[in-house]
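Okay, structure first, notes after.
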Amino acid sequence: MNLPTKKVLFGTIALLIYPACSHAENSQWVEWIADVEAAYAQVNNLNYSAFSNDENDDDRLALTVVLGRYYQLSGNSRMHVAVEFSTEDYDQFSLMGNTEVGANLGVRHKFGLGHNVPYLQFTASYRHQEVKADPWSNNSLAFNLEVGKHLTDKLTLAASLTYTSVDGGRGEVIVPEISSAVFDQSFWHADIYADYILSANWLLSLNYGRREGDFHSACTVENVNIVLDTMQVKAITSDTIFGGCVYQVDGSNNSYSSNISYAITDHSALNLSIEHFRGNANSLSYRGNNIQLSYNYRY
Amino acid sequence: MSLTDHFKTISHIVIIILSQQLFCQQLFAANIQVSIVDDNKEPIKDAVIYINETLPKLSEKTIVIDQVDKEFIPYVTVVRRGSAINFPNNDDIRHQVYSFSQSKQFELPLYSGNESRPVVFNKSGAVALACNIHDWMKAYVYVVDTDKFALTDQAGQGSLSNLPNGQYEVLVWHPELASTAQANIQKVIIESSDQLITFTVPRKQRFKAWRAPKSINRRGY
């Protein structure tokens, strides 16, 4: 872990401990967190290729369970501690299948009393992802700062900024002068969210996200040669999932997504999400679409 | 005639007058059956129906608004002016109940169980309740100056019972009523028989903050 990451981590811990101590008299463990999501997705350009003849699509099944608890620090502040387990299975590219274990710790502060009062939330999370294709396995550490506000009874806006540092394994060296640590990455993610209540049972959510920093892409060896000729590749290794190479570049990505939620009860909902993403790194562009249907339960 | 006999005679007269009063009142008492629907003829549940009158002194009563599974129960409560409301918390977590309404502004800091003090509502009008921890928790108290009031049921129907003959103004209120004051008032004359009146009122839906789970964000690129 590098020095800036350590500073952020220790700053986070201080931020979490300070309110916990300052409101110790009133603080108390309160609600349990038990969230479950079962999702089916159609993933377009799963390998995030810049070449249309290389794009691979697949179907994904995912199950996620989050368990944790809130700690009420005061009338305006609460902390949460949670562990997350998830598993993903792919229809064609089964080596992309993975299991993930993570933990996250967050503090949410509301700036006063009332429905329309803004909030600020800080979350630190750590995840270990075990991918069937071993070189893709990684550990990641992320810090997220989110601010949000109910603008009206129907409309809620939020914005967040996330820094993620990924520590991945090293693959086979295929270009001697270029690193093979494709999955050692760091990047920033900025998001804007809007939730609009359509009726008592229907919620429409829109999200714009922009990622800046490292990302990886997999394609055939022929196309990798084009990539190597046209841009600065930070790392490259062979890939067993898509049968070519996987490389890392520095670039940006914009994603636009919408989600429609149907509340079955106060504790369960069906969600349909559609996402379109477009990425750029030097002269190459990457694009794709995802669609996901999920059943969500919250205790 | 002795003083005692005079006393007996007067007592008999008083008893007869009181009995007649009571008899007449029961004979001429009637009910107003009220039905409330919106523009789409859908019944409006939990609407407050009351008589427009200001009684000089109202008997005080303590009412309960419960908190169960992070919701207020009931959603709408109608009380006489001067009534106190207890807000017990039957969840195993803490709530922070507040209101910014003109008719009553108060805050019950974080509490669990029966720790909160009763809140007295001594000004008529609508009071919106909320919880600062759980934004979706919403409920309403409507404070009236009369003891003749009712709430509509699932079918949008309610009844004002045992009203003596006379002319009344019947008013309705609901959190989602979007109509002008005129549409919320009807004049009714009671002449020994029950009256059936229907209010057709425009409705403006109000929404609680979203509570059901959204998709867990599995960020890709």
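For residue B:97, the conditions (1) of a type in the set (Val, Ile, Thr); (2) surrounded by fewer than 18 Cβ atoms within 10 Å (Cβ to Cβ); (3) within 14 Å of chain A (Cβ to nearest Cβ) all hold with the exception of (2).
Taking the criterion of being modelled with pLDDT of 95 or more, out of contact with any Ser or Thr (no Cβ under 8 Å at 6 or more places or on another chain) and more than 15 Å from residue B:173 (Cβ to Cβ), the residues of the stretch B:75-99 that qualify are B:98, B:99.
Here are A:56, A:98, A:76, A:116: which of them is within 25 Å of residue A:274 (Cα to Cα) and modelled with pLDDT under 95? Result of the check over A:56, A:98, A:76, A:116: A:56. So, residue A:268, is that one surrounded by fewer than 21 Cβ atoms within 10 Å (Cβ to Cβ), facing chain B (nearest Cβ under 9 Å) and hydroxyl-bearing (Ser, Thr, Tyr) or not? Spelling it out, residue A:268 is indeed surrounded by fewer than 21 Cβ atoms within 10 Å (Cβ to Cβ), facing chain B (nearest Cβ under 9 Å) and hydroxyl-bearing (Ser, Thr, Tyr).
Quick test of your reading of the structure: residue A:67 fulfils all but one of (1) surrounded by fewer than 20 Cβ atoms within 10 Å (Cβ to Cβ); (2) part of a loop (DSSP other than H, G, I, E, B); (3) at pLDDT 90 or above. Name the failing condition by number. Status for residue A:67: all satisfied but (2).
Quick check on the stretch B:187-207. Is at least one of its residues at pLDDT below 90 and under 22 Å from residue A:76 (Cα atoms)? No, the stretch B:187-207 has no match at all. Only residues that are touching a residue at least 60 places away in the same chain (Cβ under 8 Å) and within 12 Å of chain A (Cβ to nearest Cβ) were counted in the stretch B:56-94, giving 2. Residue count for the stretch A:206-263 under the criterion of being among the charged types (D, E, K, R), surrounded by fewer than 17 Cβ atoms within 10 Å (Cβ to Cβ) and within 13 Å of another protein chain (Cβ to nearest Cβ): the result is 2. For the stretch A:27-52, give me each residue that is more than 10 Å from chain B (Cβ to nearest Cβ), over 20 Å from residue A:67 (Cα atoms), in contact (Cβ under 8 Å) with a residue 24 or more places away in the chain and not in a loop (DSSP other than H, G, I, E, B). If the condition is that a residue be more than 10 Å from chain B (Cβ to nearest Cβ), over 20 Å from residue A:67 (Cα atoms), in contact (Cβ under 8 Å) with a residue 24 or more places away in the chain and not in a loop (DSSP other than H, G, I, E, B), then A:40, A:42 are the ones that fit. Taken over the stretch A:144-158, the residue count meeting the criterion of being within 14 Å of another protein chain (Cβ to nearest Cβ), of a type outside the set (Asp, Glu) and in a strand (DSSP E or B) is 8.
The values are calculated or read from the model by the stated rules, or taken from the named source; none is laboratory data. On a predicted model such as this, the values are computed, not experimentally measured, just so you know. Positions of Cβ are generated from backbone atoms using ideal geometry, with glycine treated the same way; all protein chains shown enter the neighbour counts.
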